[in-house]
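Written out below as structure tokens is the structure these notes cover.
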Amino acid sequence: MADTIKGEYYYGMGRRKTAVARVRLYPNGDGSITVNGKSSRLYFGQRDAIASTMTAPLRLLDLGNEYTMTVRVLGGGTSGQAGAIRHAVARALVRVNPEWKSALRKAGYLTRDPRMKERKKPGLKRARKAPQYTKR
């Protein structure tokens, strides 16, 4: 199932809010994560919550540093991009071994998070915030 461009890899695409991530997992790797051509530490900064979100499917399956990950992500903010990467990594892992699907599904990593920003409504200041009521 893996493609053979620059070595064998497993592909997964994930989405969260308006972010879209495309992940390639290279087996027999060193655990490094490259996001848009930069190290994940450089791209996302020193925020540990984002790093743990991205690698959650790997930690669930105790895979640690078995794969090298390259990521192309666009749209959204840092949190949405991290969620999209997590979704893409989980999908790629299912291509690696279909038996992992039930564990990833149970943890909620294969389900696309449907929550999106709500549109602004006419007559309101934001999606739900109404103008201040004045009695007189």
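The values are calculated or read from the model by the stated rules, or taken from the named source; none is laboratory data. Computed from a prediction, not measured in an experiment: that's the story for all the values here. All Cβ positions, even for glycine, are placed from backbone atoms using ideal geometry, and neighbour counts span all protein chains on display.
Within the set Arg86, Arg105, the sole residue that is part of a helix (DSSP H, G or I), charged (D, E, K, R) and under 22 Å from Thr68 (Cβ atoms) turns out to be Arg86. Among the residues making up the stretch 35-52, those that are surrounded by fewer than 18 Cβ atoms within 10 Å (Cβ to Cβ) and either touching a Gly at 6+ places or on another chain (Cβ under 8 Å) or not in a helix (DSSP H, G or I) (or both) are Asn36, Gly37, Lys38, Ser39, Gly45, Gln46, Arg47. Can Ala127 be described as surrounded by 10 or more Cβ atoms within 10 Å (Cβ to Cβ), in a loop (DSSP other than H, G, I, E, B) and small (Gly, Ala, Ser)? Criteria met by Ala127.
Residue-level check: of (1) of a type outside the set (A, V, I, L, M, F, W, C); (2) closer than 13 Å to Ala84 by Cα; (3) touching a residue at least 60 places away in the same chain (Cβ under 8 Å), Arg24 misses just (2). Among the residues of the stretch 29-51, just one is of a type in the set (S, T, N, Q) and at pLDDT below 90, namely Gln46. Screening the candidates Gly64, Gly31, Gly37 for the property of being without any contact (Cβ under 8 Å) to a residue 24 or more places away in the chain and either of a type in the set (A, V, I, L, M, F, W, C) or at positive phi (or both) yields one hit, Gly37. Just one of the listed residues (Thr53, Thr134, Thr111, Thr78) is farther than 24 Å from Tyr11 by Cβ, β-branched (Val, Ile, Thr) and without any contact (Cβ under 8 Å) to a residue 40 or more places away in the chain, namely Thr134.
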